[in-house]
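A short write-up of the structure that comes next.
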Amino acid sequence: EVVKNDPKESVTIEDAEDGFIVRLPAALPFRKDSASIENPDAKLFIKRMASIIKKMPNDIKIVVRGHTDDQLPSLASNFNDNWQMSSARAIAVLKELIKNGVNKERLSAAGYADTEPITSSFSEEGRAKNRRVEVYFYANNNKHEDSAISNSKQSVLDKQ
């Protein structure tokens, strides 16, 4: 059930504010309502991505982000909602990267469900574009989370 050689199902790379994103359509690694990577082409792609990551400087961090469309998983699915499915898909890609030698300390995963669509979900083509896994690369120059509070004069918790 994997769509091949379809332009709307191709891997893309785009600039981000402080890094770049490799975007995989969900149909490439996953069957409908699944978070298991069974497609050999997807496994090979992730293996190649891992070999590139291992050559990158260690201050390059990676967040694997899962996204779904606005349709609920089917009743036959193992997932109660899109939060579970998007998170499980992100974690599946993250684990495949680790399996291929990427240091787990460089990685994190996040599920966004249907909260960040890249196009309208009114058509099947739009929903297909919204179902994706993004591998976000960024330079960890200042330990984002750790120093964000300590470097600021006031914590976000202090603001009211």
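Checking each residue in region 62-86 for being touching a strand residue (DSSP E or B) at 6+ places or on another chain (Cβ under 7 Å) and surrounded by fewer than 20 Cβ atoms within 10 Å (Cβ to Cβ) picks out Val63, Trp83.
Considering every residue within region 77-98, establish whether at least one is modelled with pLDDT under 95, over 13 Å from the mean Cα position of the chain (by Cα) and farther than 16 Å from Ala27 by Cβ.
Yes, because at least one residue in region 77-98 is modelled with pLDDT under 95, over 13 Å from the mean Cα position of the chain (by Cα) and farther than 16 Å from Ala27 by Cβ.
Is it true that Pro25 is at pLDDT below 95, open to solvent by less than 20 Å² (accessible area, probe 1.4 Å) and closer than 19 Å to Ala128 by Cα? So Pro25 fits the description; yes. Among the numbered conditions (1) of a type in the set (Gly, Ala, Ser); (2) outside any loop (DSSP other than H, G, I, E, B); (3) within 15 Å of the chain's Cα centre (by Cα), the only one that Ser51 does not meet is (3). Yes or no: Lys32 among the charged types (D, E, K, R) and either closer than 30 Å to Asn141 by Cα or part of a helix (DSSP H, G or I) (or both)? Against the criterion (among the charged types (D, E, K, R) and either closer than 30 Å to Asn141 by Cα or part of a helix (DSSP H, G or I) (or both)), Lys32 does not qualify.
Test Glu17 against the criterion of being open to solvent by less than 50 Å² (accessible area, probe 1.4 Å) and modelled with pLDDT under 95, and give yes or no. No, not satisfied.
The values are calculated or read from the model by the stated rules, or taken from the named source; none is laboratory data. Just so you know, these numbers come straight off a predicted model, no measurement behind them. Note: ideal-geometry Cβ built from the backbone for every residue, glycine included; neighbour counts use all protein chains shown. Each accessible area value is taken on the protein alone, full model and side chains, heavy atoms only, with ligands, DNA and RNA left out. Shrake-Rupley method; radii C 1.70, N 1.55, O 1.52, S 1.80 Å.
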